[in-house]
Structure formats: C-alpha cells, structure tokens
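J.: Just dropping this structure here.
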Amino acid sequence: MSTTLDTLAQKLASDTLKVQDALGEDRLYMEVAQVLAAASQSMEEAFLTEVRVRLAEQKAREFLEKKLAAAQAALQAKD
C-alpha cells in the first residue's frame, strides 16, 4: 500500500504545484492538504512531504542559479 500512497502523493503534489503556480496562489497546497486530512491522514502526510521536498528543491535551484549568475557577472566584469 505504501507504494500506492507514495505514487498518488507524488502525482498530486506535482499537479497541485503546477496549478498553484498557474493561479499564483502560493498556499494552495495547504487547502488541498485540508481536503486530504478529512479523508486520510496518511495521504495528507505523504502529500505534504512531497510538496515540501519539491518546494525546497525549487528554492535550492533558485539559490544555485543566482550564485552562478553572480559568479559569471563577476568574471565578465574582470574582462
């Protein structure tokens, strides 16, 4: 069952973040989590874990992109 739970949580998290970005609602995932909580605490927890992991990865990528851009700008400024 955990494979089914994980698979469903992954898909729902991915879809939710796409809709969240499209709508510009940065807390939509919390509303989805509330709906899940009423039906399945296990699914809610798996979903929130998936969302948090994805959001953390996005923030880390943004950080890396900014660091790289700053380093490239510094190299170009030296030339």
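J.: Of everything in the range 9-28, what is surrounded by fewer than 15 Cβ atoms within 10 Å (Cβ to Cβ) and either in contact (Cβ under 8 Å) with a residue 12 or more places away in the chain or over 20 Å from residue 57 (Cα atoms) (or both)? Give them in sequence order.
T.: 14, 23 - these are the residues of the range 9-28 that are surrounded by fewer than 15 Cβ atoms within 10 Å (Cβ to Cβ) and either in contact (Cβ under 8 Å) with a residue 12 or more places away in the chain or over 20 Å from residue 57 (Cα atoms) (or both).
J.: Could you tell me which numbered condition residue 31 fails, if it satisfies all but one of (1) within 13 Å of the chain's Cα centre (by Cα); (2) surrounded by 10 or more Cβ atoms within 10 Å (Cβ to Cβ)?
T.: Answer for residue 31: the failing condition is (1).
J.: Can you list residue pairs whose Cβ atoms sit under 6 Å apart, with the first residue in the range 40-69 being closer than 18 Å to residue 2 by Cβ and the second being surrounded by fewer than 10 Cβ atoms within 10 Å (Cβ to Cβ) and among the small types (Gly, Ala, Ser)? Count only pairs 6 or more apart in sequence or on different chains.
T.: Between residues of the range 40-69 that are closer than 18 Å to residue 2 by Cβ and residues that are surrounded by fewer than 10 Cβ atoms within 10 Å (Cβ to Cβ) and among the small types (Gly, Ala, Ser), there is no close pair.
J.: Another question, if that's okay. Would you confirm whether or not the range 70-79 contains a residue that is surrounded by 12 or more Cβ atoms within 10 Å (Cβ to Cβ) and of a type outside the set (A, V, I, L, M, F, W, C)?
T.: No.
J.: Which fully enclosed helices (runs of 4 or more DSSP H) of the chain have 1 or more residues being touching a Lys or Arg at 6+ places or on another chain (Cβ under 8 Å)?
T.: 2-23
J.: Restricting to the range 42-63, name every residue that is aliphatic (A, V, I, L, M) and surrounded by 14 or more Cβ atoms within 10 Å (Cβ to Cβ).
T.: 43, 46, 48, 51, 55
J.: What about residue 6, is it of a type in the set (D, E, K, R) and either surrounded by 13 or more Cβ atoms within 10 Å (Cβ to Cβ) or in contact (Cβ under 8 Å) with a residue 12 or more places away in the chain (or both)?
T.: yes
Every number in this text was worked out from the coordinates using simple rules, so none of it is lab data. The shown structure was predicted, so the numbers you read here are calculated from the model rather than taken from an experiment. Glycine also receives a Cβ, built like all others from the backbone with ideal geometry; neighbour counts cover every protein chain displayed.
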